[in-house]
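Read through the structure below, which is laid out as structure tokens, and then see the notes.
The values are calculated or read from the model by the stated rules, or taken from the named source; none is laboratory data. Note that the structure is a prediction, hence the values are computed from the model and not measured. Note that we place each Cβ from the backbone using ideal geometry, even for glycine, and neighbour counts take in every protein chain shown. Surface accessibility is based on the protein's heavy atoms, side chains included, excluding ligands, DNA and RNA. Shrake-Rupley method; radii C 1.70, N 1.55, O 1.52, S 1.80 Å.
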Amino acid sequence: MIELAFLLWLSDPAATTPPLEKCSYDPEILSLSFDEFDQDMNNGWRQVAQQLGCEMEAARLIRIYRLNMEQRIPVLYFHEGQLKASAGDYPGAVSALRQSFEKQDSFGWNAYVRATMAFL
């Protein structure tokens, strides 16, 4: 898993510089359940994103986690887009947000995604 994470990080076009030391994380984070990785406000990718200047590293972490999942979970694309936008990568943010649309939107998610894209 560690090797795959490193290879995915290297293949990321946004990975122009190595992560800051303060942005490092335990690779075991990639083994967390979806709820632990994405929905826990103090765990998963948020541990990295809460550190000043680590938004792009947290976005990379989400991308790696997402690529290792068997199912497509739109909210992971959305959170990746939010982090890229926070780091100033608006084209990358919009690209990720486009992947977060739900096929069967029963509660207004797609309108929220469109509004976020329009804001950017």
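Tell me, what HN-Hα J-couplings in whole Hz come from the Karplus equation 6.51 cos²θ - 1.76 cosθ + 1.60 at θ = phi - 60° for each residue of the range 23-37, using x for Gly and Pro?
8, 5, 8, 6, x, 4, 4, 6, 9, 5, 5, 4, 4, 5, 6
Estimate the FRET efficiency between Tyr90 and Glu28 by the formula 1/(1 + (r/R0)^6), using the beta-carbon distance for r and 35 Å for R0, to the nearest 0.05.
0.65
Given a 1.4 Å probe and every protein chain left where it sits, what share in percent of the accessible area of the range 16-97 is carbon and sulfur?
Carbon plus sulfur share of accessible area: 50 percent.
Put a dot 7 Å past each Cα toward the Cβ at Asn110 and Arg46; how far apart are the dots in nm?
The modelled label-to-label distance comes out at 2.9 nm.
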